[in-house]
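The values are calculated or read from the model by the stated rules, or taken from the named source; none is laboratory data. Note that this is a predicted model, so its numbers are computed, not measured. Cβ placement follows ideal geometry from the backbone for every residue including glycine, while neighbour counts extend to all protein chains displayed.
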Amino acid sequence: MEPRHRSPGLSRQEAALTGSQFARPSSLTGRLLLRGMNIGHARLHRWGLEAAGIHPRDKVLDVGCGGGRAIARILARTRREVAGVDHSPEAVETTRRLNRSAIVSGRLRVLEGSVDHLPFRDGFFNVATAFETTYFWPDLQAGLIEIRRVLSPGGRLVITNEVADREAAGRWAERLDMNVPDGRSLAALAREAGFLTVDISIHPRHGWLRLLAAR
Ligand SMILES: C[S@@+](CC[C@H](N)C(=O)[O-])C[C@H]1O[C@@H](n2cnc3c(N)ncnc32)[C@H](O)[C@@H]1O
């Protein structure tokens, strides 16, 4: 999602509708948006997964899994269990459809739920990813604490956002009701949530933000 490049001709109502669809895709509009994001976020997914360094023995959770394309990439990198969670039933359904064979083989679970109440036991995953989703979490700090809970000691979290700070989001931050912390604030929140090492990088060409944190 790149609010900077969206048409400034959108009315306030249209912007609000688009915003809520990004935050929780629903109905036909949401399904189309999810498919679009599967294509549009491909490079962002690859950049995030580069940092995640997923090994064949890693158990991985993707939070705010949207249309499920990042999960397809994750499944190709590990032989262990993968899970996706999203609070949008439409996103859960789209992710399941795209990754049906992994569900049938019992390697993938896709569950409806919010980042602040993850339906998984403590320390279950080695890696957690979150692409283009933190803007919409009801409480970023609570989400980070909850993700840390489901990571094993030494487990890694990678957050990847196309919009690296409020200035980059411009007026869309307000219109789409996005929370856009910059790298420094996001790193501070991750440390406060209990992550031991936290590293922030900015994509040299696109200006995207990536956080890599270890539990
Ligand atoms: C902009 S989309 C990005 C989807 C996908 N990660 C991608 O890279 O294409 C944001 C996704 O985060 C989900 N989301 C937003 N807030 C959430 C929350 N509190 N808990 C779980 N998922 C959430 C939305 O439903 C939506 O599917």
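What to note about this one:
- Condition broken by A173, with the remaining ones in (1) modelled with pLDDT of 95 or more; (2) closer than 18 Å to R24 by Cβ; (3) in contact with a Lys or Arg (Cβ under 9 Å, 6 or more places away or on another chain) satisfied: (1)
- In the set V85, V150, only one residue is surrounded by 21 or more Cβ atoms within 10 Å (Cβ to Cβ), touching a Phe, Trp or Tyr at 6+ places or on another chain (Cβ under 9 Å) and closer than 27 Å to Q21 by Cα; that residue is V85.
- Comparison of G40, G30 shows that the only residue that is at negative phi, within 11 Å of the ligand (Cβ to nearest atom), more than 13 Å from the chain's Cα centre (by Cα) and without any contact (Cβ under 8 Å) to a residue 40 or more places away in the chain is G40.
- In segment 167-215, the residues that are free of Cβ contacts under 8 Å to residues at least 40 places away in the same chain, assigned to a helix (DSSP H, G or I) and over 18 Å from the mean Cα position of the chain (by Cα): E167, E174, R184, A188, R191
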